[in-house]
Structures are given as C-alpha cells and as structure tokens.
Amino acid sequence: MALDQSRLEELLGRFVQDFGATGFAATVVIGDKLGLYQALAAGPATSAELAHRTRTHPRLVAEWLAAQAASGYISYDPDGERFSLSEEQAFALADEDGPMYLPGAFQVMVAAVKDEPKVTQTFRSGAGVGWHEHDPDLFAGTERFFRPGYAANLISAWIPALDGVQAKLEAGAQVADVGCGHGASTIIMAQAYPHSRFVGFDYHQPSIQRATEAAAKAGVADRCRFQVAAASDYPGAGYDLVAVFDALHDMGDPVGTAAHIYQTLAPDGTFLLVEPYAGDQLEDNLNPVGRAFYAASTLLCVPHSLTEEPGAALGAQAGERRLREVTTAAGFGRFRRAAETPFNLVFEARP
C-alpha cells in the first residue's frame, strides 16, 4: 500500500482540530453554566481574579482560560497574564439575548453526544431514538441555539418576505406554531404582533410546560398559549398562518404533517416552513455548515424520525427539491423560497 504523505498529513491535521473541538465543546458549556464568559465580559482578569468573580476554583479556571485562549474564544495578554473578551467575542459568547449567541449550540451537541450509546444501538435495531428520550439539556440547548436566529430574522426579514402575511398579523390573525419546543418562535411573533393570537403545539409535555412559563414571563400569555399535540393531528382550523421552524425534517411523516397543515389553514392561509440550509445534492453540502447539520442529524433528527411511522427520515439536509415534493404531495399548489440565511432556508407554501 502506497500512502500519499501530503493527504495523510492533511487528514492528521483535521484530526487534531476535531480531537480538540470534541473536548472543547464541553468547556464552552461549563463556561456558560458558570457565568465565566459574562464575568470576563465585565473586564480583563487574571485566572485568580475571574475565579474570585465567579466563586469558582482558581486552578480549574486557569485551565479553562487556557483552553479558551488556545481556541481563539478569548484573548490573552502575556504582560500581566490577563485574559479578556474582545467586543466580537463578548457579542457571541456573553450576550444571551443577542442575535449570534453561540453557547446554546454547544449545549445541543454535548447533550446529543451523551446519548451516543442509544444512537449506536439504533444503528443495529433501526428502532430510532425519540426526541423525548434524550438528555434534558438538549431541549434547553435547542431553544437557546435557535432563538437568536429567530430574534434576528423572523420579524425583520422572514415574515415580510411572505405574501400579505405581515399585514394580516398586524391587523389580527390566527397563528399555529407546530413543533414549537420551548416556544421561542411563538413568543417572538406574539410580542411583535399584539393584535394576533398564537398557539404552539408540541408532543413533548415538558417543553410545553416550559413554553407556557416563558409566555407568562414575556407578558403575552393572554394571546399566546401552548398545548400538547402531535404535528399530524393538532386541533383547530382556519389558521391564517401555520409555521414549522426547523422541525419538519425530524418528523416520521412530513407529508402527513403538511397535509394536516393544509387542512387547518384558512382558504388564503400560508404555511411558513423554515428548515436548515441545504443544497439538493449530497456534494452541495460537503462544507462546514453541512458537516454540522449532518452530525446533528445522525445523532438526533434521523433517529427520531425512525420512531414515527412511516419513518421518512428526511434528515437535516433535505434540501429545497425534497421539501417541495413533500408540500406538493400534501396538496399545496404553490411553493417558493422566500428568504434564506447561511443557516436556514425559508419557504412559503400556499393552497
């Protein structure tokens, strides 16, 4: 066997990056849970000073800071041995309400990796792993991961891109958010459109409870409620807008779900479908974004879909063509890409 030395070195270089990244993900979650990023955003500090600010162990904080600096997530000044966050680092790591908050994404992946034994077993059995069977950190992390993108784009760009929907919401509309999780998207819409009424559906009872509490905290509970229901048989009809955010590809029967959405829409209603960014061909997605989504899909999306009949398993990189096929099979006559970001495709489907 003749090895190409340059290709081998390239592979080893990738290994070093991935080996470090695997453990580093957990250090981000630790820093997030302990408030280390927020404390450092208050001003530069030595490891001892940061430990004092956060009431944590100085030796462990010193090692954590070194890992962060080696990864480029914080800055280090050898003169005085002080660490700091640049404005950009603080924006991404310490501002949970900002549009680019990163620790939630790490929380998702670390939680998913915890359940590797379950996923490995389902490779053999094909039985799948339900969303509700995962580590609880996954549910909180998912909301914290997606919420910044929704806060940055949903009201300002995605809804205005839909034909006539913004005007309906401003005047007063009935809206269903299917697969709502902790209700971040539902609450963002309710806060922006006080004349409309919103209901979020999800099969996961703990998530519905958390969403209900969040709506009360946000002051929108009088017109934003949440209910346990499956995507394929949630109640109600005559909705002006039904939205599914980053969830249709997880469902075992996406065509059945889309068909139910079609039946529950008002005659001139709109189906807003937000899905992870993907091209139609595998080779289109062999890039850093596709890599992240394929990994998450292997651990989470496809295993869940396999637990529900017929187990369509679209995966997180379904692409526009397959999603168009799903909505067309469900009865929708119109389907178009309305908007996009580096991480999401936004579609409008209408009867």
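Here are the numbers for the structure shown:
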read-out: Selected residue (criterion: nearest to V242 (Cα to Cα)) from residues of the stretch 312-351 that are polar (S, T, N, Q) and in contact (Cβ under 8 Å) with a residue 24 or more places away in the chain; value: T327
read-out: Condition met for T298 (within 16 Å of the chain's Cα centre (by Cα), polar (S, T, N, Q) and either in the same structural domain as V175 (by TED's automatic domain parsing) or crowded, with 23+ Cβ neighbours inside 10 Å (or both)); value: yes
read-out: Residue satisfying all of: in the stretch 234-255; without any contact (Cβ under 8 Å) to a residue 60 or more places away in the chain and out of contact with any helix residue (DSSP H, G or I) (no Cβ under 8 Å at 6 or more places or on another chain); nearest to V199 (Cα to Cα) among these; value: P235
read-out: Any hit, the stretch 4-18, residues being β-branched (V, I, T), more than 26 Å from the chain's Cα centre (by Cα), surrounded by fewer than 17 Cβ atoms within 10 Å (Cβ to Cβ) and modelled with pLDDT of 95 or more; value: no
read-out: Any hit, the stretch 81-100, residues being of a type outside the set (D, E, K, R), closer than 30 Å to S305 by Cα and not assigned by TED's automatic domain parsing to the domain that holds Y203; value: yes
read-out: Some residue of the stretch 98-111 being out of contact with any Asp or Glu (no Cβ under 9 Å at 6 or more places or on another chain), surrounded by fewer than 18 Cβ atoms within 10 Å (Cβ to Cβ) and assigned to a helix (DSSP H, G or I); value: no
read-out: Qualifying positions in the stretch 119-160 - in a helix (DSSP H, G or I) and free of Cβ contacts under 8 Å to residues at least 24 places away in the same chain; value: T120, Q121, F123, R124, S125, E133, S156
read-out: Output for the stretch 301-339, where each listed residue is part of a strand (DSSP E or B) and surrounded by 17 or more Cβ atoms within 10 Å (Cβ to Cβ); value: F335, A338, A339
read-out: Any pair with Cβ under 7 angstrom, 6 or more apart, that starts in the stretch 281-292 at a residue that is in contact (Cβ under 8 Å) with a residue 12 or more places away in the chain and ends at one that is exposed (fewer than 12 other Cβ atoms within 10 Å of the Cβ) and assigned to a loop (DSSP other than H, G, I, E, B); value: V289/P342
read-out: Identity of the residue in the stretch 211-244, surrounded by fewer than 18 Cβ atoms within 10 Å (Cβ to Cβ) and of a type in the set (K, R), that ends up nearest to D268 (Cα to Cα); value: R223
read-out: Count of residues meeting criterion [in a loop (DSSP other than H, G, I, E, B), touching a strand residue (DSSP E or B) at 6+ places or on another chain (Cβ under 8 Å) and surrounded by fewer than 20 Cβ atoms within 10 Å (Cβ to Cβ)] in the stretch 247-267; value: 0
read-out: Some residue of the stretch 182-193 being over 19 Å from the mean Cα position of the chain (by Cα) and under 15 Å from V244 (Cα atoms); value: no
read-out: Residue that is in contact with a Pro (Cβ under 7 Å, 6 or more places away or on another chain) and either among the small types (G, A, S) or assigned by TED's automatic domain parsing to the domain that holds T22 (or both), where the choices are A318, A312, A330, A349; value: A312
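The values are calculated or read from the model by the stated rules, or taken from the named source; none is laboratory data. In this text the structure is predicted, and so the values were computed from the model without any measurement. Every residue, glycine among them, receives a Cβ derived from its backbone with ideal geometry; neighbour counts consider all protein chains shown.
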